[in-house]
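Notes follow the structure.
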Amino acid sequence: MKSKGLDYTILTLVIIGAINWGLIGFFRFDLVAFLFGDMSWLSRIIYAVIGICGLYMVSTYGRIRSMDEV
């Protein structure tokens, strides 16, 4: 199954989430809360979507291993 476009989109969202966590850790600055409000309905949707994307990226471990076997 070819899902390259979906994989790149989700990977981009996960990277954005990682950058946001880095900003929180280093500078106590939450970019999502700054842009969309502190736990507003929109920021909660963004956090949820990025969390789901992170869970989806777990599937890349299985796909990487299956590519090594080919």
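What the table below lists for this structure:
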| item | result |
| --- | --- |
| Accessible area of the chain divided out per residue, in Å², using a probe of 1.4 angstrom | 83 |
| Tilt relative to the chain, helix 41-57 - C-alpha long axis, 0 to 90 degrees, to 10 | 20 |
| Option label - Rg/Rh (Cα atoms, Kirkwood Rh) computed here, alternatives [x] 1.10; [y] 0.98; [z] 1.02 | [x] |
| Dipole magnitude (debye, nearest 20) for the chain, charges at Cβ of Lys, Arg, Asp, Glu | 100 |
| Length added when fully stretched, THR9-THR60, from 0.36 nm per residue minus Cα-Cα | 17.0 nm |
| Helix 4-27 axis, angle to the chain major axis (alpha carbon atoms, nearest 10°) | 40 |
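The values are calculated or read from the model by the stated rules, or taken from the named source; none is laboratory data. Worth saying up front: this structure is predicted, and the values here are computed from it rather than measured. Note: ideal-geometry Cβ built from the backbone for every residue, glycine included; neighbour counts use all protein chains shown. Note: areas computed on protein heavy atoms with side chains; ligands, DNA, RNA excluded. Shrake-Rupley method; radii C 1.70, N 1.55, O 1.52, S 1.80 Å.
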